[in-house]
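Participant: The structure's right below; bear with me while I get my questions together.
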């Protein structure tokens with residue numbers, strides 16, 4: 001049975017996991033991510049250390065322990081399964097599911113989450129293309145590159161987005177770009193690193209550097 005943690009503790013554990021993966025983990029970065037004062041972050045880090053979820057001391061690196069990483073992956077699994085459920089079964093848009101899943105991820109019943117996974121036929125990626133950990137915390141990673149790194153003339157398929165930012169996803173909806181969309185870069189402009197992008201069965205658009213770097217594709 002998984003240990004139970006408070007909502008605040010779970011939010012910190014998940015944030016630490018993501019920041020650690022990005023190589024951008026410090027008390028200051030965590031304070032910014034949690035939108036709270038450094039003193040509050042320090043108080044929480046002490047609690048997480050007492051529960052053996054992190055290795056940390058003041059002015060030193062924060063690092064998840066094995067138990068901490070297991071807890072983080074369990075929270076992420078719940079979040080991404082709920083996102084998949086909301087998208088596939090309740091027809092929520094991919095720009096809507098993240099906020100709702102932020103609340104549902106704290107429903108910690110193992111039996112419920114395992115039944116949800118089974119009901120959804122064990123999906124491996126969420127609506128944004130992020131991998132869903134299995135019950136043991138295993139993640140299957142796919143080979144993918146940023147759209148901005150795709151060579152001109154090569155056909156590729158959109159498989160994930162770098163962020164669940166609502167404004168980003170709304171722009172992608174405007175351009176009819178979703179997971180599974182087939183694209184080809186016709187031209188790259190050195191001046192602003194923007195792209196002339198051909199979207200299969202849709203047409204040609206001009207895509208900014210920011211958007212191009214936010215999309216991941218696999219080559220077809």
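Participant: Any chance region 163-176 includes a residue that's surrounded by fewer than 17 Cβ atoms within 10 Å (Cβ to Cβ), closer than 30 Å to residue 66 by Cβ and not assigned by TED's automatic domain parsing to the domain that holds residue 3?
Facilitator: Scanning region 163-176, I find at least one residue that is surrounded by fewer than 17 Cβ atoms within 10 Å (Cβ to Cβ), closer than 30 Å to residue 66 by Cβ and not assigned by TED's automatic domain parsing to the domain that holds residue 3, so the answer is yes.
Condition check ((1) buried (at least 21 other Cβ atoms within 10 Å of the Cβ); (2) closer than 28 Å to residue 109 by Cβ; (3) assigned by TED's automatic domain parsing to the domain that holds residue 119) across all residues:
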{"residue": "31", "(1), (2), (3)": "no, no, yes"}
{"residue": "50", "(1), (2), (3)": "no, yes, yes"}
{"residue": "60", "(1), (2), (3)": "no, no, yes"}
{"residue": "74", "(1), (2), (3)": "yes, yes, yes"}
{"residue": "83", "(1), (2), (3)": "yes, yes, yes"}
{"residue": "91", "(1), (2), (3)": "no, yes, yes"}
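Participant: Can you find a residue that is in contact with a helix residue (DSSP H, G or I) (Cβ under 7 Å, 6 or more places away or on another chain), surrounded by 13 or more Cβ atoms within 10 Å (Cβ to Cβ) and within 22 Å of residue 84 (Cβ to Cβ) anywhere in region 137-153?
Facilitator: yes
Participant: Here is a follow-up. Tally the residues that are surrounded by 12 or more Cβ atoms within 10 Å (Cβ to Cβ) and within 17 Å of the chain's Cα centre (by Cα), restricting the search to region 102-136.
Facilitator: 16
Participant: Is it the case that region 99-117 has a residue that's in a loop (DSSP other than H, G, I, E, B), over 22 Å from residue 4 (Cα atoms) and either in contact with a helix residue (DSSP H, G or I) (Cβ under 9 Å, 6 or more places away or on another chain) or touching a residue at least 40 places away in the same chain (Cβ under 8 Å) (or both)? If you could, list the steps in order and put the result at the bottom.
Facilitator: Let us first name the residues in region 99-117 that are in a loop (DSSP other than H, G, I, E, B), namely 105-109.
With the extra rule that they be over 22 Å from residue 4 (Cα atoms), the set shrinks to none.
For region 99-117, residues in a loop (DSSP other than H, G, I, E, B), over 22 Å from residue 4 (Cα atoms) and either in contact with a helix residue (DSSP H, G or I) (Cβ under 9 Å, 6 or more places away or on another chain) or touching a residue at least 40 places away in the same chain (Cβ under 8 Å) (or both): absent.
Participant: Considering each of 31, 6, 26 in turn, give the residue that is within 22 Å of the chain's Cα centre (by Cα), closer than 30 Å to residue 119 by Cα and at pLDDT below 95.
Facilitator: The match here is 6.
Participant: Name the helices (runs of 4 or more DSSP H) wholly inside region 23-89 in which the number of residues that are touching a residue at least 60 places away in the same chain (Cβ under 8 Å) and in contact with a helix residue (DSSP H, G or I) (Cβ under 8 Å, 6 or more places away or on another chain) is 3 or more. Can you show your working first?
Facilitator: Details: elements: 27-34, 38-50, 66-88.
Answer list for region 23-89: 66-88.
Conditions tested, residue by residue: (1) at pLDDT below 95; (2) more than 21 Å from residue 88 (Cα to Cα); (3) out of contact with any strand residue (DSSP E or B) (no Cβ under 7 Å at 6 or more places or on another chain).
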site: 113; (1), (2), (3): no, no, yes
site: 117; (1), (2), (3): no, no, yes
site: 140; (1), (2), (3): yes, no, no
site: 149; (1), (2), (3): no, yes, yes
site: 160; (1), (2), (3): no, no, no
site: 183; (1), (2), (3): no, yes, no
site: 193; (1), (2), (3): yes, yes, yes
site: 214; (1), (2), (3): no, yes, no
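Participant: Then there is this: Answer yes if at least one residue in region 168-175 is at negative phi and part of a loop (DSSP other than H, G, I, E, B), and no otherwise. It would help to see each step written out before you state the result.
Facilitator: Our first condition is that a residue be at negative phi; within region 168-175, this holds for 168-175.
So of that shortlist, the ones also part of a loop (DSSP other than H, G, I, E, B) come out as 175.
Among the residues of region 168-175, at least one is at negative phi and part of a loop (DSSP other than H, G, I, E, B), which makes the answer yes.
The values are calculated or read from the model by the stated rules, or taken from the named source; none is laboratory data. All figures in this text were calculated on a predicted structure; none of them were measured in a lab. Here Cβ is always computed from backbone atoms with ideal geometry, including for glycine, and neighbour counts include all displayed protein chains.
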